[in-house]
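Encoded as structure tokens, the structure appears first; notes follow it.
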Ligand code: GLV
Ligand code: MN
Ligand code: MN
């Protein structure tokens, strides 16, 4: 029944994937030029669906479908519009496009609650090295310190906002309306579990905790041909030793994942010993104490290596969020919504971070995962199946109908 809508949803995601900062790939970072076309297309679809559209001061696009009463509470449905470099077409975008499709399916019918579809401007943390700028603005967590963070070209978040044509002084207006009903996010699973379980969708029970830091080893640059091996303070060699330890530590600890995803050596020439080496480290586990202990251990390992090699170590925290449980009452409704599509409802945890983890501290939040063929994500080959998207849409409609039938919505 939802196959044609699912086909249209996928086609919209693929068309938005062509809005890119880099020819031949989908790479769309926070407030880059390619985001304007994404906003234009979404705005057109939202307006045609009867929504009132605005772009807030951090670049989140927000379409509101009014309720039967102007004092009604608001249900947020959203995900992010920025991408990792060389991304696929569905991470983030799918959740926004599904939100619009759900409003379209109402065909101008008003519900006892308003629906606000949000396309977050920044979740991945690629441009400024800090994630969730978009969702943090909704909950009042974008402060002066965050606005002053600079990208590699020296542009601050504040400057990027103004250059995009937005007004940073109006950031408070990005805050979510009082007393929201909750937040719902549709997202691809980005892993192999649903494929193994042979299920199209799953309700998320919790999102694992994450620590993300920038780590710099500082030594001394020197001549690669004339500096004896025992007289070197090679920052890159010290860092490489530590990277091996990061991987080893995670391999030994069940459920722990740790990643060094970016490396930069300076001055960066084949015949110069690296004087500085800067990397990112991303550590995740479902249990906060296990993650915290692993981070302490990795930090101590880095300090040991630096001391032994005559290097200094700089450890700059970039992001820290404990594991987040989804709201039990929304989860129960979402499970029922899935069951009514004649799909066995199932629950899984998320190893990836999502905007829901920021909003969950401020309102009831829930997520529905959609099977990801091959578990392939953060990669151009990322895909979804039309029949799975159709199940997600049907579950979304069921979820809205159940909430609409409650008086007041979400009373228990
Ligand atoms: C978001 O994509 C994450 O890093 O989990
Ligand atoms: Mn992602
Ligand atoms: Mn995502």
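The values are calculated or read from the model by the stated rules, or taken from the named source; none is laboratory data. Model, not experiment: these values are computed from the prediction. Ideal geometry is used to build each Cβ from the backbone, glycine not excepted, and the neighbour counts take in all protein chains shown.
Here are some notes:
- Residue 53 vs. criteria closer than 23 Å to residue 365 by Cα and surrounded by 15 or more Cβ atoms within 10 Å (Cβ to Cβ): yes
- If the condition is being in contact with a helix residue (DSSP H, G or I) (Cβ under 9 Å, 6 or more places away or on another chain), without any contact (Cβ under 8 Å) to a residue 60 or more places away in the chain and in a helix (DSSP H, G or I), then region 5-32 contributes only 15.
- Single residue of 35, 46 found to be within 16 Å of ligand 2 (Cβ to nearest atom), in a helix (DSSP H, G or I) and at pLDDT 95 or above: 35
- Qualifying residues in region 361-379 (those that are surrounded by 23 or more Cβ atoms within 10 Å (Cβ to Cβ) and within 16 Å of ligand 1 (Cβ to nearest atom)) - the one nearest to residue 89 (Cα to Cα): 372
- Taking the numbered list (1) away from ligand 1 (no atom under 16 Å from the Cβ); (2) surrounded by 15 or more Cβ atoms within 10 Å (Cβ to Cβ); (3) within 30 Å of residue 65 (Cβ to Cβ) in turn, residue 131 passes all entries but (1).
- Single residue of region 380-399 satisfying the filter (surrounded by 22 or more Cβ atoms within 10 Å (Cβ to Cβ) and more than 20 Å from residue 11 (Cβ to Cβ)) that is nearest to ligand 2 (Cβ to nearest atom): 395
- Wholly within region 125-165, helices (runs of 4 or more DSSP H) carrying at least 2 residues that are under 19 Å from residue 83 (Cβ atoms): 133-138, 157-163
- Taking the listed residues 359, 330, 334, the one that is under 16 Å from the mean Cα position of the chain (by Cα) and either away from ligand 3 (no atom under 12 Å from the Cβ) or closer than 18 Å to residue 406 by Cβ (or both) is 359, with no other qualifying.
- Complete set of residues in region 234-256 that are in a helix (DSSP H, G or I) and touching a helix residue (DSSP H, G or I) at 6+ places or on another chain (Cβ under 7 Å): 238, 241, 242, 245, 246, 249
- Extreme residue, farthest from the chain's Cα centre (by Cα), among residues of region 111-124 that are in a loop (DSSP other than H, G, I, E, B), closer than 21 Å to residue 63 by Cβ and within 14 Å of ligand 1 (Cβ to nearest atom): 122
- The single condition among (1) within 16 Å of ligand 2 (Cβ to nearest atom); (2) in contact with a helix residue (DSSP H, G or I) (Cβ under 8 Å, 6 or more places away or on another chain) that residue 88 does not satisfy is (2).
- Residue match in region 329-342 (condition: within 16 Å of ligand 1 (Cβ to nearest atom) and closer than 21 Å to residue 193 by Cα): no
- Residue list for region 215-226, restricted to those being surrounded by fewer than 16 Cβ atoms within 10 Å (Cβ to Cβ) and in contact (Cβ under 8 Å) with a residue 24 or more places away in the chain: 223, 224, 225
- When 139, 130, 203, 208 are checked against the criterion of being within 16 Å of ligand 2 (Cβ to nearest atom) and in contact with a helix residue (DSSP H, G or I) (Cβ under 7 Å, 6 or more places away or on another chain), a single residue qualifies: 130.
- Selected residue [at pLDDT 95 or above, closer than 17 Å to residue 179 by Cβ and part of a strand (DSSP E or B)] from 64, 53: 64
- Enumeration of residues in region 257-283 that are in contact with a helix residue (DSSP H, G or I) (Cβ under 9 Å, 6 or more places away or on another chain) and within 15 Å of ligand 1 (Cβ to nearest atom): 257, 258, 259, 260, 281, 283
- Checking residue 190 against (1) buried (at least 17 other Cβ atoms within 10 Å of the Cβ); (2) more than 16 Å from ligand 2 (Cβ to nearest atom); (3) assigned to a loop (DSSP other than H, G, I, E, B), the condition it does not meet: (2)
- Residues (closer than 23 Å to residue 264 by Cα and away from ligand 3 (no atom under 16 Å from the Cβ)) located in region 131-145: none
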